[in-house]
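Notes follow once the structure below has been shown.
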Amino acid sequence: MNMSAKFSEEQLNAFVDGELAAAEREEILAASTVDPVVAQRVCALRASKELLQHAYDRHALPTPARARRDAGWWSGALAAGVMLVVGIVLGIQVQRTAPEQTHASLEWASNFFVAQPQRMLVHLDHANTEHMEAALDLVDAYLEKNASAHVEVIVNNRGLDMLRTDRTPFATRIADLVLRYDNVAFIACENAIARFEGEGERVAILPEAKRMHNAIAHIADRVQAGWTYIKV
């Protein structure tokens, strides 16, 4: 089913920015679950905004010329295959559905990548446990379907809670995933660890997790290398 032509770029931008009326927003959400072209257009817009916002948060406000250049770079990277699973699949809405609907949504997510990419990067930057569980569900379902794929789960900011020994509710599940799949990696941002330790927190990371100095730089490197990017 091809519904993509029905929605303009202006509509999809307004959808991503949360500026649509409820009825129009629900229409696009519904279309995203049945039409991969609509989903991919939404994914590209959301991923672009997320990545650019991360970059701008870390640096001084860029000049208009630099902003246009950076936006162009990310658009090119996205065209090479960066995608984001929409909120109807990952997030609170998944958790509110019935078990059979949740399973169907996760199966849809694992089927979303028509080309079956061999390298997938999942990014979490907040401490919402429902999103953590959704991310792990997606990784598990995807590797069951494509066991030879390489998957990285990278966390920064409060997403670090998923890999902290004193805060994660998923230590056993993460250990099980690492035991079952040699090609899955969980990565903690050292910059985030240092920031929390500087604020007086004691940060201990799960033994299955690796450390990377800068999560956003690592994401940018992976995107340039052609990895599929998913922001949860």
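Rounded, prolate or oblate for region 150-232? Axes are the square roots of the Cα gyration tensor eigenvalues, ordered a ≥ b ≥ c, and the cut-off for rounded is a/c under 1.5. It would help to have the intermediate numbers written out before the result.
Working: a/c = 2.26, a/b = 1.15, b/c = 1.96.
Oblate, since a/c reaches 1.5 and b/c is not below a/b.
Of the trypsin sites (Lys or Arg not before Pro) found in region 167-232, those in coil by DSSP whose Cβ has at most 11 other Cβ atoms within 10 Å are Arg202.
Here, each number is a calculation from the coordinates, and none is a lab measurement. Small disclaimer: the values here were computed from a predicted structure and weren't measured. As a convention, Cβ positions derive from the backbone with ideal geometry for all residues, glycine included, and neighbour counts pool all protein chains shown.
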